[in-house]
Amino acid sequence: TGEWIELLAQADVDLNDLTIASTTSSTKLSAMNCIHAQTGEYVLLARSADTFVNGGLPEPKAVYGTLSLSNTNNQRLSLGRGDAGIDSASIFPSSSGQAWQLDSAKLDAVSNDDPNSFCKAFSRWLPDGGGDYGTPGAPNDMCPIIDGGSGNSDAGVIVAGTCIDPVSSNVRPIRQAPVGDLVITEWMPN
């Protein structure tokens, strides 16, 4: 129930009659009033509009209700209207409470075809630092570059000499300890 999908409007468009399909199901957005998105707007679509049920998400532009998203398998999402495809994206299996987000330097319909253009969100979206990880309805963070692989690796190491700051959630240079600033005080070999 705390699921969401975010879209970036590259032009002024209405979302009415937009079909969203996952690997396992699909749904059509419908409403009497126009569901309008302006150029440059990050559009939040949620499974539920009830903030108590959806974990306190910002107000969504529309609710997709019955669409089923998989947590354990590779996933493909697509947008269409009638027979016309608009966009599709592929992602790897998800982690609990952590959104996949398209790298902010790759915000186009070609880059999101490659699951390696996504990374697991590392910023908490609630202003108090709580909630799940992601930026629903807001610009994405730039994905850190992982040595020896892509942004989808849990085991990867961020570019040599950098780390993600646990307070600001920004990538920053590692504060290296000079000789004598760390002292071994205990260990248990067995």
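The values are calculated or read from the model by the stated rules, or taken from the named source; none is laboratory data. All values derive from a computational prediction rather than experimental measurement. A quick note on method: Cβ atoms are made from the backbone with ideal geometry, for glycine too, and the neighbour counts reach across all protein chains shown. Please note that ligands, DNA and RNA were not included when accessible areas were found on the heavy atoms of the full protein model with its side chains. Shrake-Rupley method; radii C 1.70, N 1.55, O 1.52, S 1.80 Å.
How long is the gain from GLN10 to ALA49 if the chain were fully straight, where each residue apart is worth 0.36 nm and the alpha carbon distance is subtracted?
Length gained, GLN10 through ALA49: 11.6 nm.
In Å, what Kirkwood hydrodynamic radius results for region 1-89 from the alpha-carbon pair distances?
13.5 Å
Quick check on packing: order 70-76, 132-138 by the mean number of other C-beta atoms within 10 Å, highest mean leading.
The packing order, highest mean first, is 132-138, 70-76.
Counting only protein heavy atoms and using a 1.4 Å probe, what share of the accessible area of region 78-122 belongs to carbon plus sulfur, as a whole percent?
Numbers: 1120 of 2130 Å².
Carbon-and-sulfur percentage of accessible area, whole number: 52.
Under Stokes-Einstein, with the Kirkwood radius over Cα pairs standing in for Rh, what whole-number D in µm²/s applies to region 2-53 at 4 °C and 1.567 mPa s?
106 µm²/s
Using a simple spin-label model with points 7 Å from Cα along the Cα→Cβ vector, what separation in nm is obtained for ASP165 and ASN73?
4.2 nm
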